[in-house]
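The values are calculated or read from the model by the stated rules, or taken from the named source; none is laboratory data. None of these values were measured; they are calculated from a predicted model. Cβ sites come from the backbone with ideal geometry, for glycine too, and all protein chains shown count toward neighbours. Surface accessibility is based on the protein's heavy atoms, side chains included, excluding ligands, DNA and RNA. Shrake-Rupley method; radii C 1.70, N 1.55, O 1.52, S 1.80 Å.
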Amino acid sequence: MYIDIKNIDFNYKNSKEKNIDNFSVGIKKGEIIAILGQSGSGKSTILRLISGLETPSLGYIKVDDRVLVDKDYFLQPEKRGVGMVFQDYALFPHMTVGQNIKFGLKNMQSKEKEIRVKEVLNLVELEGYEKRYPHELSGGQQQRIALARALAPQPSLLLMDEPFSNLDADLKSKIRKELKKIIDKSGITCIFVTHDKEDAINIAHRVILLEEGEIVKIGSPEDIL
Ligand code: ADP
Ligand code: MG
């Protein structure tokens, strides 16, 4: 399996019970996985563990046979090749779209950076928006820029935390379709979390149902719902 997550246990320091209990999943390259669960079920915690913001007490995470974390190894978040889109998009408000996207591009000549910015803006169909500031964009456009920024360094895995939660209901279905198209086109492997089963049905190849930090079901959207 391209992504191999095995027997992950985790609890926050000040928490009595386990926040994540024996979480395991194998994910194929190019697969889109939804983690579906109620508020407090541990969805964001799973993403924090994969991106390296938290350390599991047990288990391991591998991407393409490379260990990100196990019982005696911890790879720093910035070296994991994991892209993240947060709930609130978290674009830097004082930076233009171009600067936002370039922010994650290290070890690149400035000319290469320009080219990459154009490529990802083309991918999200916002060519020519380099000079805009986040406040000059709609919610849906900001979200696509956040996605472009996450994809720019060519991560091996894309994580998205509740990517639709800030959108109006009528915008949501349009943005879902757009996002699905962009992710499929980029061929990236993706894990996103949501509390909305419509998101899972419309976007994911496979769904993980999470309750109180435990996987209760895993299967195709049809199997689960
Ligand atoms: P979700 O994203 O599904 O809403 P979270 O992963 O944020 O859930 O939280 C899972 C559980 O861990 C919840 O019970 C939450 O209260 C707890 N939790 C989250 N962050 C912290 C923290 N920094 N310290 C202690 N407990 C936390
Ligand atoms: Mg959350």
Count, please, the residues in segment 115-143 that happen to be over 23 Å from Asn166 (Cα atoms), in a helix (DSSP H, G or I), of a type outside the set (A, V, I, L, M) and open to solvent by less than 90 Å² (accessible area, probe 1.4 Å).
2
For segment 66-79, how many residues meet the condition of being within 15 Å of Lys6 (Cβ to Cβ), in contact (Cβ under 8 Å) with a residue 12 or more places away in the chain and open to solvent by 40 Å² or more (accessible area, probe 1.4 Å)?
1
Complete set of residues in segment 139-183 that are under 12 Å from Phe86 (Cα atoms) and among the polar types (S, T, N, Q):
Gln142, Gln143, Ser165, Asn166
The condition of being under 18 Å from the mean Cα position of the chain (by Cα), within 30 Å of His135 (Cβ to Cβ) and open to solvent by less than 80 Å² (accessible area, probe 1.4 Å) holds, among Val25, Val63, Val82, Val97, only for Val82
Cβ pairs under 6 Å, 6+ apart or interchain, first in segment 19-47 and farther than 18 Å from Val63 by Cα, second near ligand 1 (Cβ under 7 Å from one of its atoms) and of a type in the set (Ser, Thr, Tyr), ordered by first then second residue, are Asn19/Tyr12; Asn19/Thr45; Ile20/Thr45
Tell me, yes or no, whether segment 134-142 has at least one residue that is within 16 Å of ligand 1 (Cβ to nearest atom) and within 20 Å of Val120 (Cα to Cα).
no
Restricted to segment 28-60, and to residues that are in a loop (DSSP other than H, G, I, E, B) and more than 16 Å from ligand 2 (Cβ to nearest atom), which residue is most open to solvent (accessible area, probe 1.4 Å)?
Lys29
Looking at segment 213-220, is at least one residue touching a Gly at 6+ places or on another chain (Cβ under 9 Å), among the hydroxyl-bearing types (Ser, Thr, Tyr) and in the same structural domain as Met1 (by TED's automatic domain parsing)?
no
Qualifying residues in segment 9-27 (those that are part of a loop (DSSP other than H, G, I, E, B) and in contact with a strand residue (DSSP E or B) (Cβ under 7 Å, 6 or more places away or on another chain)) - the one farthest from ligand 2 (Cβ to nearest atom):
Lys18
Would a scan of segment 207-217 turn up a residue that is among the aliphatic types (A, V, I, L, M), touching a residue at least 24 places away in the same chain (Cβ under 8 Å) and over 11 Å from Gly37 (Cα atoms)?
no
Taking into account only those residues within segment 155-177 that are in contact (Cβ under 8 Å) with a residue 40 or more places away in the chain and open to solvent by 40 Å² or more (accessible area, probe 1.4 Å), which is nearest to ligand 1 (Cβ to nearest atom)?
Ser165
Can you confirm whether Glu112 is of a type in the set (D, E, K, R) and either outside any helix (DSSP H, G or I) or under 22 Å from Leu179 (Cα atoms) (or both)?
no
